[in-house]
Amino acid sequence: MKSIKTSSAFLSALVPVIFLLILSGCSGEEKKLPYLGKMHFEHGKAVYPVIADFSFLDQDGRVVTNSTFKNKIYVADFFFTSCPTICPRMAVEMKKTYQAYSGNPRIFFLSHTIDPEHDTQEKLKQYAEHLEVAGNKWFFVTGKKEEIYSIAVNSYFSAAFADSSAPGGYVHSGGLLLIDTNRHIRGVYDGTDPGETERLIADISVLLKEEFKD
């Protein structure tokens, strides 16, 4: 499968607030991450896209919704357990980030399978156990295929679809997405690049300072 680092939908919606970052740097204020996605104005205020409501089941059979991530920063991605190409590398980089914040209760992780027909709860449980990660911090979720694909494309601006010509039968983005406590996308990172993982780990620290003042 050809590695898709960022979907065309995401590229078209990507609107970093560069000007605001420049102003922040010039004024001596703490660095803030950009908001990503197509901005519009409501009552004179800039409004950015948010992750839509969702309800999936995780590797332990628990219902996972937006409320699971209330007051949490989280990193999201899309994968499937039988993926023969980029998924193993993505898991390595995601786990590095997980390990960097394993002791921080404000950071969660969310991995969506794009092959729910084969990635049963039991398979997701085995996958999580193989990675040796905590189920109350890193959620591997499954659900209806159309709902997973919809949230991938429309909320995370990520590619996710079946393709019989692709290795493993599916195509998906290799991005790791950083989501703030208000459901906004604040960063996207190549999940196969160790250098990008370092940037993600650093950006989480920046976002923690922005979101939590204590």
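Taken together, the values in this text are just the output of simple stated rules run on the coordinates, not laboratory data. Everything numeric here is computed off the predicted structure, so don't read it as measured data. Quick reminder, even Gly has a Cβ in these numbers, built from the backbone with ideal geometry, and neighbours come from all protein chains shown.
Run the quick spin-label model on E122 and A162: label points 7 Å from Cα toward the beta carbon, then report their separation in nm to one decimal.
2.2
Set the Förster radius R0 to 30 Å, insert the Cβ-Cβ distance between N136 and S82 as r into 1/(1 + (r/R0)^6), and round the FRET efficiency to 0.05.
For N136 and S82, the calculated efficiency is 0.70.
Roughly what would the spin-label model give for D203 and V50, points 7 Å off Cα along C-beta, in nm?
2.1
Give me the orientation-averaged projected area of the Cα convex hull of the stretch 8-211, in nm², one decimal.
The directionally averaged projection comes out at 11.6 nm².
Quick check: residue separation of T65 and H40 times 0.36 nm, minus the Cα distance between them. What number comes out in nm? Each step should come with its number before you reach the end.
Values: separation 25, 0.36 × 25 = 9.00 nm, distance 2.61 nm.
Here the segment from T65 to H40 would lengthen by 6.4 nm.
Could you give the length gained on full extension between K144 and E129, defined as 0.36 nm per residue of separation minus the Cα-Cα distance, in nm?
My answer for the length gained is 3.1 nm.
With +1 on each Lys and Arg Cβ and -1 on each Asp and Glu Cβ, how big is the dipole of the stretch 47-158 about its Cα centre, in debye rounded to the nearest 20?
With only Lys, Arg, Asp and Glu charged at Cβ, the dipole is about 420 debye.
Skipping prolines and chain starts, which residues have an amide H placed within reach, meaning under 5 Å, of the one on F108, given they are 5 or more residues away or on another chain?
HN-HN under 5 Å from F108: I73, Y74, V75.
Quick one: net charge around N71, please, counting Lys, Arg +1 and Asp, Glu -1 for every other residue with C-beta under 11 Å from its C-beta.
Net local charge, N71 excluded: +1.
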